[in-house]
Structures are given as C-alpha cells and as structure tokens.
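Structure record follows, encoded as structure tokens.
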Amino acid sequence: MAQIKRETATICKVNDLLQGSFVKTEGWEPSYFETDLGEISRVNVVGVVINKDSTGSILLDDGSGRILLRSFEGDKFTTVDTGDLVMIIGRPRVYNEQKYVLPEIIKKIDPKWGEYRQIQLQILRKKIIPVKREARITIEEDTPINYFQKIMNYIKDLDTGSGADVEEVIKRSESPKAEELIRKLIEEGELFELKPGKLKVLE
C-alpha cells in the first residue's frame, strides 16, 4: 500500500497569500500559491476572527491583511467566536477570483502566542530560502505516534520557562526522524520555536 504524504504547512502572513498568484495543477499534484516565500500549498497562519456569517465562513485578520476561511463541514467553526485568536492549518484556494483558506485544523490559542508568532515570522524571514516543489520535505503519515508524544514530553520536562534546547530533545528522543517530527509538530501547531534552537509546547 502506498504511503500517504502531506505537504509542508508554510508559516506565513495573510498578505503573502493575498500578494501571491494561484497556480492550479493537474493530477495528484496539489495546487499552490506562488509567493515571495516560494510555492505554498498548505499554510500555517495565526490571526483574529473578526466576523462569522451564516454561509459557513469566517473572516481572519492577522495584521497584514484579511482572508476568508471557508468550510463545507457544518460544525468546523463552532469552537471559535468573533474576537478569538486562532491558529489555522489549511489549504489556500481561489473561487470567483477571491482567495480563501480551506482549514484542516482550527485551534484557539492564548494571545501570548500571537506575540511569539510575530517573533517567529521575523526569524523565518531572515533565514528562509524559497524552494522548488520537487525539493519540498514531506513526512510519512505512518510514523509511530509514540515518538511524537515522547518529543512533546521531553520538551515539557526540559522547558524551565525559556524553552527546551532542540538538540537535547533530539538526543533524548532517540528517533532517527526527530528533526522531521519536530518540524511536523510545529507545522501542526503543537510546538512553537520561541527563538532559534528553543522549543515550547503550545498549551
């Protein structure tokens, strides 16, 4: 049976999508936005819900711009309300020339993580190198779940307030894919890179 792989969720600003160009692909290749950060087919954005309507969509504002979140699942947005700060993992799309995000994960977060996200975006923009689609990193979905939990537990144990050292977490995990697992946890909103080399669990 073929292994299912998931595209990297790119941490970005709403404006990166608004300024990008949508490219629709054929076959199994996912459609994507061509942006200054490279090609983005999945996003990780943080913003404030400023409006919910009866059509099954909400409007998200992250300070750089506003974008709609659309869902075809009736209960997708029941856990969030206007004014909430949320983290969204999803796929950017275009309908009738309007750009929006189809969310996979919606997580309400503490306002302090909004401040950390701004720091994270600054760090990422200093070191980011746009990559071609064929060079993207994908994570196999059949990775044993116990490694994910072990990494989360080690980070909590090592974090005394200023974050856990990533090298020590990798060493303790004893996982040959530790760096990839950590990156996946960051993409899924479970971890946050407080500063280069320091990790915190998002609670």
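Residue count for region 50-71 under the criterion of being surrounded by fewer than 21 Cβ atoms within 10 Å (Cβ to Cβ) and in a strand (DSSP E or B): the result is 9. Here are some residues: L194, L102. Which one is in contact with a Ser or Thr (Cβ under 9 Å, 6 or more places away or on another chain) and at pLDDT 75 or above? Only one candidate passes the filter, namely L102.
For region 1-36, taking the residues that are within 16 Å of G90 (Cβ to Cβ) and hydrophobic (A, V, I, L, M, F, W, C), the one that is modelled with the lowest pLDDT is identified as A9. One residue stands out among those in region 160-183 that are among the small types (G, A, S) and within 10 Å of K198 (Cα to Cα): the one that is surrounded by the fewest Cβ atoms within 10 Å (Cβ to Cβ), which is S162. Does at least one position in region 87-108 carry a residue that is on the phi > 0 side of the Ramachandran plot and more than 17 Å from the chain's Cα centre (by Cα)? The answer is yes; a qualifying residue exists. When E39, E34 are screened for being in contact (Cβ under 8 Å) with a residue 40 or more places away in the chain and in a strand (DSSP E or B), only E39 passes.
Condition check for V46 on (1) modelled with pLDDT of 90 or more; (2) outside any strand (DSSP E or B): one failure, at (2).
Considered as a group, the residues in region 110-137 that are in contact with a Lys or Arg (Cβ under 9 Å, 6 or more places away or on another chain) and of a type in the set (A, V, I, L, M) include one that is modelled with the lowest pLDDT, and that residue is I137. The set of residues from region 158-203 being out of contact with any Leu (no Cβ under 9 Å at 6 or more places or on another chain), more than 16 Å from T8 (Cα to Cα) and among the acidic types (D, E) comprises E167, E174, E203.
Annotation: of all residues in region 72-113 being among the small types (G, A, S) and surrounded by fewer than 17 Cβ atoms within 10 Å (Cβ to Cβ), the one that is nearest to N44 (Cα to Cα) is G83. If the condition is being in a helix (DSSP H, G or I) and among the polar types (S, T, N, Q), then region 153-203 contributes N153, S173.
The values are calculated or read from the model by the stated rules, or taken from the named source; none is laboratory data. Everything numeric in this text was worked out from a predicted model, so none of it was measured. With ideal geometry, Cβ positions are generated from the backbone for all residues, glycine too; neighbour counts draw on all protein chains shown.
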